[in-house]
Amino acid sequence: MYHHFLPRSYLREWCGSDHKFTRFSRDRRGAFSAKRYGPESVGGRQDLYALQSVPVSQKQSLELEEFQRIDENAVVPLRLLRNGGIPKDNKARLDWSTLVFSLILRAPEVIDAYGLEFETEWLNPLDELVEEDPGLSLAVDLVKAHYHDVEPFAARDYSKRSIVELLKESPEIPQISALEWEVIDFSSFGKPVMTSDCPVMTRRGSEFTLRSLALAIGPTKIFIAYAAHQDRAEMLKSRVEDLLEEYNGLVVSRAKDLVIAFDDTYRTEVETLMSSSWVPVDRQAPKKI
């Protein structure tokens, strides 16, 4: 099952009259391309959130019951934001804040890195038990053998469940909801807003406190949230268009695999920025539609 880490409802705003957008990407060899795709086939990976250590009937449970719910709940506030409105009721603000935060945590690189960390370290406490009581070494070896031979995917599955729990309980979500919200319209500036597989730009203060964030919500609009007017001023600098330049530059240069744009007008600029930080990735190529 193809799991979207960039929701289809989020990507559709970049579609033209052909119901497609331009996807810039690099393959494993580094070859750059710009092709037209529809939102159904981009911004995801096969079985990204699938569980491997459960019955087949539960394999897709995180995607079907959790991530799709997050995407669906955000449709209404996203539509309001795109139309120039700001959600006022608490549920809509929390639904949108959850989606924004999820775009950071549900990216393939985060899922893979978190899974590897769990896989590498989650049995380490057993070694500490053996250090305290060497008599437990045989029992610990049996437990390790079980997870190595019988349930080799248990650690990675647990890491995916942990990310879902974090999306439910993280204090970051109500913090985003409590910020001042605004939508900046760049339609008169002549340069389109782009997005990528790393679409959220954040600024943090002391103790990692969230001060502001920015997220493209279409080829002409960027959603911003900030704690105080000083934080807004730092985002916009001396000119509003500075935010557009910084945002495009950041999300394109940080992109791991794909950049989304309305068309290929800025192909050369995107290719240069993607080259600055490109590393090979192992991600299933989308099926073109």
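The set of residues in segment 249-270 being in a helix (DSSP H, G or I) and either of a type in the set (D, E, K, R) or in contact with a helix residue (DSSP H, G or I) (Cβ under 8 Å, 6 or more places away or on another chain) (or both) consists of 249, 252, 253, 267, 269, 270. Among the criteria (1) among the hydrophobic types (A, V, I, L, M, F, W, C); (2) over 17 Å from the mean Cα position of the chain (by Cα); (3) crowded, with 17+ Cβ neighbours inside 10 Å, the one residue 80 does not fulfil is (3). Residue 227 - would you say it is in contact with a helix residue (DSSP H, G or I) (Cβ under 8 Å, 6 or more places away or on another chain) and surrounded by 14 or more Cβ atoms within 10 Å (Cβ to Cβ)? So residue 227 fails the test. Applying the criterion of being exposed (fewer than 15 other Cβ atoms within 10 Å of the Cβ) and over 18 Å from residue 102 (Cα atoms) to the residues of segment 55-75, the residue that is nearest to the chain's Cα centre (by Cα) is 58.
Scanning segment 183-201 for residues that are part of a strand (DSSP E or B) and loosely packed, with under 15 Cβ neighbours inside 10 Å returns a single hit, 185. Pairing each residue of segment 229-250 that is within 19 Å of residue 193 (Cα to Cα) with any residue that is modelled with pLDDT of 90 or more and of a type in the set (Phe, Trp, Tyr), provided the two are 6+ apart or on different chains, yields C-beta distances under 9 Å for 232/226; 235/226; 240/186; 241/186; 243/186; 244/186; 248/266.
Does segment 25-34 include one or more residues that are crowded, with 19+ Cβ neighbours inside 10 Å, in contact with a Phe, Trp or Tyr (Cβ under 7 Å, 6 or more places away or on another chain) and in a strand (DSSP E or B)? Yes: segment 25-34 contains one or more residues that are crowded, with 19+ Cβ neighbours inside 10 Å, in contact with a Phe, Trp or Tyr (Cβ under 7 Å, 6 or more places away or on another chain) and in a strand (DSSP E or B).
The values are calculated or read from the model by the stated rules, or taken from the named source; none is laboratory data. Every value quoted in this text rests on a predicted model; they were computed, and no experiment measured them. Backbone-built Cβ (ideal geometry, glycine too); neighbour counts: all protein chains shown.
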